[in-house]
Structure formats: structure tokens, C-alpha cells
1. Collect the residues in the stretch 27-55 that are in a loop (DSSP other than H, G, I, E, B) and either surrounded by fewer than 17 Cβ atoms within 10 Å (Cβ to Cβ) or at pLDDT 95 or above (or both), keeping them in residue-number order.
2. Hey, among Leu142, Leu128, which residue is modelled with pLDDT under 95, in contact with a helix residue (DSSP H, G or I) (Cβ under 8 Å, 6 or more places away or on another chain), more than 14 Å from Cys33 (Cβ to Cβ) and not in a loop (DSSP other than H, G, I, E, B)?
3. Considering only residues that are in a loop (DSSP other than H, G, I, E, B) and among the small types (Gly, Ala, Ser), look in the stretch 56-107 and name the one that is surrounded by the most Cβ atoms within 10 Å (Cβ to Cβ).
4. Just one of the numbered conditions (1) surrounded by fewer than 21 Cβ atoms within 10 Å (Cβ to Cβ); (2) out of contact with any strand residue (DSSP E or B) (no Cβ under 8 Å at 6 or more places or on another chain); (3) under 18 Å from Glu28 (Cα atoms) is not true of Ser139; which one?
Amino acid sequence: TTIALYLTRVSAGEQAIREAAEPKPLIEGHNTCVLVVEDNADVGAFAVQSLTDLGYVTVLANNAEEALAELAGDAVRFDVVFSDVVMPGMSGIELGQKIREQHHDLPVVLTSGYSHVLAQNGTYGFELLHKPYSIEQLSHVLRKAATWQRRKRILAS
């Protein structure tokens, strides 16, 4: 048996492959304030240190209750909340929903390594960053969310 497969040559596709292979540049934080919600101490420390190195201002909460307490104190100082999904007690999705109710213009970015949880429940419209993530991916998603939030605040003024 002989099988012949003829494919057309497309130069634009080659360029897209090369661009996809190149790492995205890091995005500077420019004092963007991020509330990091992570129950795993090592992962939380990594996120906080990486973001601080990029010029973000970070506050770490070890669970959803601590995050809500930080927001109750002064939610306006935060540009974005970055939360793990799977945590003991209140999940990141539940936290995000509470934040939507109480601080509707504060963007929430979720992260999880457990895709089966999200496959069952969905992300409820929140931006999602899959673990393991690179610092490049993290900086891009946070910058996108914070920029959207700032534009929304400016338009409301």
C-alpha cells in the first residue's frame, strides 16, 4: 500500500510557528497592586517574589477569609486579585463570586492545576491561568486584568 499526502506550502504558518516558539517578554508591574491568595506557602512565596521582582506590589493571603479581610480593610488599593482555585474552606471560585458581589469592578484571575475541578464547574467567567505557569504568563494575565480594571475606573469617573 502506498499513501501519498500532498500539503500546500503556507509561509504565514511558518512565521506563526516561529513566533509561538519565542518566549513572551516579561511585563513590568509598574506598582500594580496584586492580592495573591494561595494556601500553598511555597507557591505563594514564588508568586509574590516573582511579581515583586517585576515591580508589582503584592499582598499575600493564605486563604479566602484572609483575602476578604484584606479587601474589607481597603479594596481600592488592589488592582487585581490572583487566587488559587482549590483551597480548604472557601474555593477560589467562591471567593471570586464574593468579590464580584462586594467589589464588582475588581478583576479576579484564578489559577489551578486541577483541570477536572474546572471541567466540572467551569470558571464562571473568571480569567484562568493553568498551573504550572511561567512568570511570563503570570505577568501577561495580571497586566491584562489590571489594565482592564483601570480603564473601567477611568470611564466611571
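1. Matches in the stretch 27-55: Glu28, His30, Asn31, Glu38, Asp39, Asn40, Gly55.
2. Details: Leu142 fails: more than 14 Å from Cys33 (Cβ to Cβ).
From the options Leu142, Leu128, the qualifying one is Leu128.
3. Selected residue: Ser91.
4. So Ser139 meets the others, but not (1).
The values are calculated or read from the model by the stated rules, or taken from the named source; none is laboratory data. Remember, predicted model here, so these are calculated numbers, not experimental data. All Cβ positions, glycine included, derive from the backbone under ideal geometry; neighbour counts span all protein chains shown.
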